[in-house]
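Working notes, structure below.
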Amino acid sequence: MTRKPVMRGILYCGDPILRRPASRVRRIDDEICDLIDDMAETMVQADGLGLAAPQVGISSAVVTIRTDPDSATVIELINPRIVEAEGEQEGAEGCLSLPTLRGIVVRPNRVLVQATDRAGEEIEVEGEGLMARCLAHELDHLAGKLYIDLADPESLCWMRPDEREELGYRTEPVSVEEARAAFNRMRESQKGS
């Protein structure tokens, strides 16, 4: 009988697991495959482009990435590492562990990632532009880094829903300290529920 993937809870900035380097996966078993399935489900349901295992509380080197914001196609990477990086791009980033926060981050414009798939086969994934940004962002999670560490502090802002605005939201500048304090409050209220 096939197990149905479940949505897992996403950890918020400030949780110590997000700062711990993820452990390499030594054996690809049912537990890892279930984790990958759950991560893909969680990422798509949360409308994310990528998700790293530490974000769902598992300190393992596993990442799922959508090939396109409008696609349900998911790339599954076990023990990924960037082996080539070229160029530079600057752009806005967000993160499921830092909901509604955005900031400008400089990333490589092209990356080549080597990883293992769930069948134990070695694979390579090349990304340019948004895909390169997404790969670099998710692999940073495996090293215990968050984009807030790299973002231009002056660029950080909340995206607040506002139906009077053309895009459906307005931005409110925020400092790194204020953002971290807000996520700590979110984590505390998450624990209480």
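Couple of notes before you dig in:
- Residue satisfying all of: in region 150-179; loosely packed, with under 13 Cβ neighbours inside 10 Å and either under 14 Å from the mean Cα position of the chain (by Cα) or among the basic types (K, R) (or both); nearest to L112 (Cα to Cα) among these: R160
- Which listed residue is over 26 Å from E178 (Cβ atoms), charged (D, E, K, R), within 14 Å of the chain's Cα centre (by Cα) and at pLDDT 95 or above, from E76, E126: E76
- Here A136 meets each of (1) closer than 30 Å to N109 by Cβ; (2) surrounded by fewer than 17 Cβ atoms within 10 Å (Cβ to Cβ); (3) free of Cβ contacts under 8 Å to residues at least 60 places away in the same chain with one exception, condition (2).
- Hits in region 26-58 (condition: surrounded by fewer than 18 Cβ atoms within 10 Å (Cβ to Cβ) and in contact (Cβ under 8 Å) with a residue 60 or more places away in the chain): I28, C33
- Some residue of region 94-110 being of a type in the set (S, T, N, Q) and farther than 27 Å from R185 by Cβ: yes
- Looking across region 1-20, the residues that are assigned to a loop (DSSP other than H, G, I, E, B), of a type outside the set (K, R) and either under 19 Å from A136 (Cα atoms) or in contact (Cβ under 8 Å) with a residue 24 or more places away in the chain (or both) come down to P5, V6, M7, G9, I10, L11, Y12, C13, G14, D15.
- Taking every residue in region 70-87 that is at negative phi and pairing it with any residue that is in a loop (DSSP other than H, G, I, E, B) and of a type in the set (S, T, Y), at least 6 positions away or on another chain, the pairs with Cβ-Cβ distances below 7 Å are T73/T67; I75/T67.
- Residue pairs meeting the criteria (Cβ under 9 Å; at least 6 apart or on separate chains; first on the phi < 0 side of the Ramachandran plot, in region 110-123; second surrounded by fewer than 10 Cβ atoms within 10 Å (Cβ to Cβ) and not aromatic (F, W, Y)): Q114/E122; A115/E122; T116/E122
- When the criteria are applied in full, Q45 meets the requirement of being of a type in the set (S, T, N, Q), under 23 Å from P69 (Cβ atoms) and modelled with pLDDT under 95.
- Total residues in region 150-171, condition at pLDDT 95 or above and closer than 22 Å to I10 by Cβ: 5
- Test: residue in region 84-101 that is touching a helix residue (DSSP H, G or I) at 6+ places or on another chain (Cβ under 9 Å), at pLDDT 95 or above, under 21 Å from R24 (Cα atoms) and crowded, with 21+ Cβ neighbours inside 10 Å: no
The values are calculated or read from the model by the stated rules, or taken from the named source; none is laboratory data. No experiment lies behind these values; they were computed from the predicted model shown. Don't worry about glycine lacking a Cβ; one is built from the backbone with ideal geometry, like all the others, and counts go over all protein chains shown.
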